[in-house]
Amino acid sequence: MKFSSAFSGLAALALASVAKAADRTAAIYIQPVSPSPTAPSLLAEIQYNPVMAASDAEILSYEAPEIPADARLVRVGVYDPSAKRWVSSTSVASVDNFGKGYSPTLMLSVDGKGEVFGAALRGVRIDAGQTRDFGPQVLVLGAAPGKQPELNRPVVLSPEGKKAEPEEKSFIQKYWWLIGIVVMLTMSGGGGEPAK
């Protein structure tokens, strides 16, 4: 066995173990919004890697929610049962997202540090002829840096505090280099013997 192939194999193993160690788990809770409030219940546990692409996220466990008949809306987010408070921002979704013919898609919003700061739920209509994957899906949305302003030349103000307009350049100031080229060509285009 060559040293280079053994080294590359060990390097790939080390990278895979580092990537696996960076995996995090988020517990998503659901709470029906109804006149008779109930405590949030665990909906899904999601394992994601904040460094890698969103396709690396997977659902470790999913429990279909039991929603009371009088509830039309549900609250979805990350909840801390020991502190009895929502840890992330929550979103409100219709109970129709769990209806027949829909596959729930959980969306996690992750900040630059890899922490979940929001969760949402969306029911995606499924067609039995197109797909066989009826189970819940997960989508991890990473925070991207905002667009920076494109800066131009600084604004020059007159002594009165108004924007100073640049003065118009004369023809010679604009095209001095073309005049120089024409003069150079005229001077170097010497005459030769006249043709007979």
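The values are calculated or read from the model by the stated rules, or taken from the named source; none is laboratory data. Here the structure is a predicted model, which means the values were calculated and not measured. Cβ: placed from backbone, ideal geometry, glycine included. Neighbour counts: every protein chain shown.
How many residues are modelled with pLDDT of 85 or more, of a type in the set (Gly, Ala, Ser) and not in a loop (DSSP other than H, G, I, E, B) when one looks only at the stretch 23-71?
Qualifying residue count for the region: 5.
Out of curiosity, is Lys174 modelled with pLDDT of 80 or more, under 28 Å from the mean Cα position of the chain (by Cα) and more than 30 Å from Asn97 (Cα to Cα)?
It is false that Lys174 is modelled with pLDDT of 80 or more, under 28 Å from the mean Cα position of the chain (by Cα) and more than 30 Å from Asn97 (Cα to Cα).
Which of the strands (runs of 3 or more DSSP E) contained wholly in the stretch 72-141 include at least 1 residues that are among the basic types (Lys, Arg) and over 16 Å from the mean Cα position of the chain (by Cα)?
The qualifying strands (runs of 3 or more DSSP E) are 73-80, 116-125.
Looking at the stretch 142-191 only, could you name the residues that are more than 30 Å from Ala120 (Cβ to Cβ) and either in contact with a strand residue (DSSP E or B) (Cβ under 9 Å, 6 or more places away or on another chain) or in contact (Cβ under 8 Å) with a residue 60 or more places away in the chain (or both)?
Selection gives Val155, Val156, Leu157, Lys163, Ala164.
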